[in-house]
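Q: This structure is in structure tokens; I'll ask about it shortly.
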Amino acid sequence: MKYQNPQILYFLFALAIPIIIHLFNLRKDKIVYFSDVKFLYQIFTSKKNKKKLYKIILLISRLFAISSVIIAFSQPYISSNIKLDNKNIILYIDNSFSTEDITEDGRKLDIFKQKSIEIIENSKNNAKFWILTNSFSSNENLMKNKERSIEYIQEIKSINIERNKKEVVDKSKTLTNEKSTLFIISDFQKTSTNLYDMSTNDSLINIIFVYTTGGYSENISIDTSYIESPISLIGNTTEIITEITNNGGNNRDNITISLILNDILKTQKITNLLPYQKKKIKLDFVIDNKKTNKGVISIEDFPIKYDNQLFFSISLQEEINITQIYGIENKNISKLYEDDEIINYNKESINNIDYNSLEKQNLIILNGIKEFNSGFISYINNFIKSGGTVCIIPAENVNINNYNNFLVKLNLEKFDEKEELELKISKINIKHNIFNNVFKNNKIEDNIYLPSIYSYYTYKPKYNIVKENIFKLENGKEFLNEYPKEKGRVFLFSSSLTEKNPFTKHSLFVTTFYNMSLHSLKTNKLYYNINGDEKIEIPTNNIKSKEIYHLKSKYSDIICEHVKGEYIEYLSHHNQIINEGHYELTKEDDLIDNISFNYNRNESNLENYTKNEILKFINKKETNNIHLFKENLTIENNIDKLSSSEDLWKYFILIALVFFGLEILIIKKIKNEVTY
């Protein structure tokens, strides 16, 4: 509480006068004449006590009445903690995709823009304005007047950029060094707002939340798509898995999911979703005759539309490049691959390797090699890290120390000892990717014949290693494991696969190695997310640093920067991609690949902070510079209420009148007691 005339408060010293008078009255003797002493016995001591009590109450009421009058003349008031009449006003207008949501009063973004304009119109004519949106563009660093600010607001459109509110506060502090008021006009979506990160008592900035309730708050989103199995070549069926989510609290029925590839509708599925349910939808399609394919998966949903479609691109290799490097050639492997039209097969002795040709391989099979030199070990290690696939088949009698040195370099389990024992393969991991669509209903028949082996190497246990077993022997020992490494993978057999090994004559041999070759294909990412600053991965042999690469669409032509990683080289677009869709990656005028970009799905969940949650935060944190506009008041009334002071003198006048009235009642009561 503050005072317009604080000097009047000196009159409070006058309160000592009634106190002094009261004390002197207590000491003053009063003579009472009685006609007879016997009447003294008729005086009740209780009346004397009541009289003292009344005088004390009378004194207190006079003190309060006089002090209330003095304080009223000093004109007390409560000043607002926030000064909206300052000259520096910053308006942040949330224009993320969630503001496309519809309320009873219209589209959220339109409501935000209208409220912003009302704030400007109710500000001083000489005020300075800064208009912020989620773009944080350089133009928003410039101060604007009223007219230019309103024009800028009217041109705002929703964009695929979300800003944490703490980012907004930090950004506003860079705009001016003077005291300012920041209006945050938003739906306060929980995915992009952490209220407790905004706690600040900075005396140079006042923050006002302009909250908008309501909204459709029902949204179905296509979250992601991926392919689990390797993409077969032209003419084969491919399965793409799409995840969709019901982000609302109501059942959604008869949702149609469509897949279009190269402008041709390939398949459709209809599904239902429970409230907040996430579901995986499998879509099958056949790639006809194109090396590069552009696809779109879509649904129909309103009013949030930005997550209704997902763009993806599939690039196919015309051939699978496989090389067998051998100490002793495995002719069964050669027979399997040599006559296949889609496989470009090569074989080389360990003593005569063409390293230039190995760079282009998808799968390298190391068969029957007893020892490895350090240079070859280093090359294979880098090949795996850059995305290559290696299959290791040991010789019958290997140099275990040398082999273990090789396995350690690849961070694999080491061999322990060789066991000479005939054992059957008894367990098949049919859930492994190389057995996709191999076994009917993903079950193995009870009477299936499985091959035997005559010898194998046991492993020394190694903890904290990632692997997936494919085959196990009947004694529980592992026959074939897969080890994911960096961007590549390693398949490691525990037994040699010589001509006398029954496994090489079994159908599982063909299935295993053929599907292993398909899984060795380097499938490019189906799509990239906008604003994720993801680098576009391209095989090293496709990039030349001195050449210029472009990402082209109907509306843009972006030059990419060549970025060299440790094992992979990339192209970076530095977040210049704004619109979702398909882009052509070109080198000069040559098309290298199709790259797809999608908006991120962070705002698909439309859950917002409620007004009560925001008020709880403000009260709990006891922040002196954060306030909330009241929804039941207009913008003008909110500004007046926050910026104006509240006069208190009239309340003190009422208090004085109450105590003066109490004093009159007490005096009358005392007189009545004396008369009695």
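Q: Select from the stretch 130-166 the residues that are in contact (Cβ under 8 Å) with a residue 12 or more places away in the chain and in contact with a Leu (Cβ under 6 Å, 6 or more places away or on another chain) and write down the one among them that is surrounded by the fewest Cβ atoms within 10 Å (Cβ to Cβ).
A: For the stretch 130-166, the residue satisfying everything is SER158.
Q: From the set of residues in the stretch 268-291 that are of a type in the set (Val, Ile, Thr) and modelled with pLDDT of 95 or more, which is nearest to GLU243 (Cα to Cα)?
A: In this case the residue turns out to be ILE281.
Q: Please give the number of the condition PHE415 fails out of (1) crowded, with 18+ Cβ neighbours inside 10 Å; (2) out of contact with any helix residue (DSSP H, G or I) (no Cβ under 6 Å at 6 or more places or on another chain); (3) touching a residue at least 24 places away in the same chain (Cβ under 8 Å).
A: Only one criterion is unmet by PHE415, namely (2).
Q: Can you name every residue in the stretch 446-477 that is of a type in the set (Ser, Thr, Tyr), within 21 Å of ARG489 (Cβ to Cβ) and either open to solvent by 90 Å² or more (accessible area, probe 1.4 Å) or not in a strand (DSSP E or B) (or both)?
A: Answer for the stretch 446-477, where residues must be of a type in the set (Ser, Thr, Tyr), within 21 Å of ARG489 (Cβ to Cβ) and either open to solvent by 90 Å² or more (accessible area, probe 1.4 Å) or not in a strand (DSSP E or B) (or both): just TYR463.
Q: Regarding the stretch 376-388, can at least one residue be identified that is buried (at least 21 other Cβ atoms within 10 Å of the Cβ) and over 20 Å from GLU486 (Cβ atoms)?
A: Checking the stretch 376-388: not a single residue is buried (at least 21 other Cβ atoms within 10 Å of the Cβ) and over 20 Å from GLU486 (Cβ atoms).
Q: Has the stretch 224-237 got any residue that is assigned to a strand (DSSP E or B), open to solvent by less than 50 Å² (accessible area, probe 1.4 Å), more than 30 Å from GLU341 (Cβ to Cβ) and modelled with pLDDT under 90?
A: no
Q: Further question on the same structure: Could you identify the single residue in VAL408, VAL398 that is of a type in the set (Val, Ile, Thr), open to solvent by 60 Å² or more (accessible area, probe 1.4 Å) and either over 43 Å from the mean Cα position of the chain (by Cα) or closer than 17 Å to LYS485 by Cα (or both)?
A: VAL408
Q: Then there is this: Could you tell me whether any residue of the stretch 203-221 is touching an Asp or Glu at 6+ places or on another chain (Cβ under 9 Å) and at pLDDT 95 or above?
A: Scanning the stretch 203-221, I find at least one residue that is touching an Asp or Glu at 6+ places or on another chain (Cβ under 9 Å) and at pLDDT 95 or above, so the answer is yes.
Q: Right, something else. Among the residues of the stretch 324-338, are any more than 20 Å from MET516 (Cα to Cα) and surrounded by fewer than 16 Cβ atoms within 10 Å (Cβ to Cβ)?
A: No, there is no match, as no residue in the stretch 324-338 is more than 20 Å from MET516 (Cα to Cα) and surrounded by fewer than 16 Cβ atoms within 10 Å (Cβ to Cβ).
The values are calculated or read from the model by the stated rules, or taken from the named source; none is laboratory data. All figures in this text were calculated on a predicted structure; none of them were measured in a lab. Using ideal geometry, Cβ is built from the backbone for each residue, glycine included, and neighbour counts are taken over all protein chains shown. For accessibility, only protein heavy atoms count, side chains too; no ligands or nucleic acids. Shrake-Rupley method; radii C 1.70, N 1.55, O 1.52, S 1.80 Å.
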